[in-house]
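K.L.:
Please see the structure below; I have some questions.
The values are calculated or read from the model by the stated rules, or taken from the named source; none is laboratory data. Note that the coordinates shown come from a computational prediction; the quantities given were computed from them, not determined experimentally. We place every Cβ from the backbone using ideal geometry, glycine too, and count neighbours over all the protein chains shown.
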Amino acid sequence: MDSIDAPFGEVVELRQILHDSGVPLLRVIIRDGGRYTKIELDPATAHRWGRVMTRWAETAAEGAATPGDGGQPDPV
């Protein structure tokens, strides 16, 4: 479906797959060098995740997302 080059060298891949049960899923693969993380989301979960990410992006773009406002610093 799509591939997104994220900051710091990560690549996010989005693929539509069909589960053996017939349920369509969104497979999200995050590649970071030789490591990768894979998660499969049903439509309802993908929709909710998308709404949360959109709200965060809009808030961050306005400069309102700071660690003191509920954001958390990266522990790494």
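K.L.:
Take the residues in the stretch 26-39 that are on the phi < 0 side of the Ramachandran plot and loosely packed, with under 12 Cβ neighbours inside 10 Å, then tell me which one is modelled with the lowest pLDDT.
P.N.:
Of everything passing the filter in the stretch 26-39, G34 is modelled with the lowest pLDDT.
K.L.:
In the stretch 40-63, which residues are surrounded by 11 or more Cβ atoms within 10 Å (Cβ to Cβ) and aliphatic (A, V, I, L, M)?
P.N.:
Of everything in the stretch 40-63, those that are surrounded by 11 or more Cβ atoms within 10 Å (Cβ to Cβ) and aliphatic (A, V, I, L, M) turn out to be L41, A46, A57, A60.
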